[in-house]
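S.K.: Before I ask anything, let me first share the structure, which is written out below as structure tokens.
The values are calculated or read from the model by the stated rules, or taken from the named source; none is laboratory data. These numbers were taken from a predicted model, which means no experiment stands behind them. As a convention, Cβ positions derive from the backbone with ideal geometry for all residues, glycine included, and neighbour counts pool all protein chains shown.
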Amino acid sequence: MNKFFDLIIIGAGASGVFAAINFKHIYPHKKVLIIEKNNKALSKVKISGGGRCNVTHDCKSVSELIKNYPRGGKKLSKIFNQFGVNDTFNWFENRGVKLKIEADGRVFPQSNDSQSIIDCFFNEINKYQIEILFSADFVDFEKENDTFKVFLKNDRSFESQFLHLAMGGFNKIDSFDFLIKKGFNVATPIPSLFTFNLKKKDGITELMGISKEKVGIRVLGTKETIEGSLLITHWGFSGPAVLKLSSLHANLLFDKQYDYQISINWLFPNNLEQIKTAVFPLESTKKVFNQPLDLISKRLWQYFLTKAEIETEDRWNNLSKKKINKLAEILSNDMYEMKGKTTYKEEFVTSGGVDLSEINLQTFESTKIPNLFFSGELLNIDAFTGGFNFQAAWSGAFAVAKGIGEKVS
Ligand SMILES: Cc1cc2nc3c(=O)[nH]c(=O)nc-3n(C[C@H](O)[C@H](O)[C@H](O)COP(=O)(O)OP(=O)(O)OC[C@H]3O[C@@H](n4cnc5c(N)ncnc54)[C@H](O)[C@@H]3O)c2cc1C
């Protein structure tokens, strides 16, 4: 194999492959090598979204999109303006992969199979004759006289004019040593997108499988209430609202060693007073047990009533003030002690990685070492669940391909 390439990309994952294809689209004659430590490419794409690959999220504007990146946020505006959600749609559809938007805004291939995305990428890899070296573990690089020397395990090395690091997220800070030694700032990696475990056994877990649309959930001691649906599991709570909260407070919950309290408002956005004065049908002669509010399932409703010490024969119009207050308190501010977390199998990411102050936010080129580029989860970028992590991988990779394209001689 030739030793010199115009561009070497480390990592045949979502962002590495996407960058290679987009670069070759501009410069088909340039020599590109992807170095991949595994014996196959795109392994995460394959298992993503429960095997369906949630490629992006239906967001109408960049300002709406950036709200979904607790690490990244506004700093991602430039890359999303160059390559946003619509571009993702066009990119795949122009290459024969039809996409569909689900009711919650998540976007999947119509085939419901991540293999469609992988096949599409491999058609492009073959079309542009992009070389991938498998089972090749990148260790470090050096730059000498405008040339990168790329070192692999077992004393193998290659050289290139441009180097793109797209190795995904690591869960240990030591994995970033090769960059830290070169003076790069790296945020310590910690998990994001996980579900919450209860500290002690609680009767609510007997209701596992029951979900409630539109709850408000907050970590005690913080201001932000996340709205969304919640799922009761046999160990605690899951569902979109919980995953979003885990991502938003990834650092805080890590610092608390996952020992914290949450408050759930089951009738969000009503507050305690509104529940008492406007939501409860206090004139009704019906039994409270027979009249669950706001599409709360019957079993969950019974759980709340038992907790509020309401009797099966109690009717709305003869509920004591004490019971009204207690039920309203439970429905608006239901508190649970949590300890530990569980990995969400359909999508998980690490927060942390190379600090965004280290890169040009238009091209994702290093500000320290010219011609060195980064993209994907290796950077300190991560998002809520729902297709946003892939969108950041595609947009970052596109920015890299364009950025290198503009510098190529
Ligand atoms: C189970 C699961 C499901 C997910 N589902 C979704 C989803 O549906 N939608 C969504 O938006 N996001 C999803 N994500 C997140 C998404 O997969 C990542 O954000 C995305 O893959 C990041 O792309 P990347 O290119 O940065 O990293 P990766 O896709 O992880 O690719 C990195 C590549 O680099 C290689 N590599 C690492 N170190 C070396 C080395 N030293 N030498 C050579 N190669 C190396 C790795 O083997 C890998 O192939 C999911 C994640 C998981 C774990």
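S.K.: Look at Thr88 and say whether it is near the ligand (Cβ under 10 Å from one of its atoms) and modelled with pLDDT of 95 or more.
M.R.: Spelling it out, it is not the case that Thr88 is near the ligand (Cβ under 10 Å from one of its atoms) and modelled with pLDDT of 95 or more.
S.K.: Identify, from the list Asp58, Asp104, the residue that is within 14 Å of the ligand (Cβ to nearest atom), charged (D, E, K, R), under 17 Å from the mean Cα position of the chain (by Cα) and modelled with pLDDT under 95.
M.R.: Asp104
S.K.: So the check is Cβ under 7 Å with 6+ separation or different chains; which pairs have a first residue in the stretch 4-24 that's polar (S, T, N, Q) and a second one that's in a helix (DSSP H, G or I)?
M.R.: Ser15/Gly376; Ser15/Ala393; Ser15/Gly396; Ser15/Ala397; Asn22/Ala397; Asn22/Phe398; Asn22/Ala401
S.K.: Quick check on the stretch 71-82. Is at least one of its residues at positive phi, buried (at least 21 other Cβ atoms within 10 Å of the Cβ) and more than 9 Å from the ligand (Cβ to nearest atom)?
M.R.: yes
S.K.: Could you tell me how many of the residues in the stretch 3-26 are near the ligand (Cβ under 6 Å from one of its atoms) and either surrounded by fewer than 24 Cβ atoms within 10 Å (Cβ to Cβ) or closer than 13 Å to Phe373 by Cα (or both)?
M.R.: Looking only at that region, the number is 4.
S.K.: Tell me whether the stretch 167-182 contains one or more residues that are away from the ligand (no atom under 16 Å from the Cβ) and not hydrophobic (A, V, I, L, M, F, W, C).
M.R.: Taking every residue of the stretch 167-182 in turn, none turns out to be away from the ligand (no atom under 16 Å from the Cβ) and not hydrophobic (A, V, I, L, M, F, W, C).
S.K.: How many residues are more than 15 Å from Asn251 (Cβ to Cβ) and outside any loop (DSSP other than H, G, I, E, B) when one looks only at the stretch 165-199?
M.R.: The number of residues fulfilling the criteria is 12.
S.K.: Any idea which of (1) touching a Cys at 6+ places or on another chain (Cβ under 8 Å); (2) within 20 Å of Met167 (Cα to Cα) is the one Asn68 doesn't satisfy?
M.R.: (2)
S.K.: Can you work out which of the residues in the stretch 132-155 that are surrounded by 15 or more Cβ atoms within 10 Å (Cβ to Cβ) and closer than 12 Å to Leu33 by Cβ is farthest from the ligand (Cβ to nearest atom)?
M.R.: Phe148
S.K.: Of Lys368, Lys345, which residue is surrounded by fewer than 16 Cβ atoms within 10 Å (Cβ to Cβ) and within 16 Å of the ligand (Cβ to nearest atom)?
M.R.: Lys345
S.K.: Determine the pairs where a residue that is over 13 Å from Phe196 (Cβ atoms), located within the stretch 225-238, has a partner that is of a type in the set (Gly, Ala, Ser) with Cβ atoms under 8 Å apart, the partner being 6 or more residues away or on another chain.
M.R.: Thr225/Gly216; Glu227/Gly216; Glu227/Ala241; Gly228/Gly239; Gly228/Ala241; Ser229/Ser211; Ser229/Gly239; Ser229/Ala241
S.K.: If only one of Glu213, Glu224 is surrounded by fewer than 20 Cβ atoms within 10 Å (Cβ to Cβ), under 23 Å from Lys326 (Cα atoms) and of a type in the set (D, E, K, R), which one is it?
M.R.: Glu213
S.K.: With respect to Val45, determine if the residue is within 14 Å of the ligand (Cβ to nearest atom), touching a Cys at 6+ places or on another chain (Cβ under 7 Å), closer than 17 Å to Asp113 by Cβ and hydrophobic (A, V, I, L, M, F, W, C).
M.R.: Yes.
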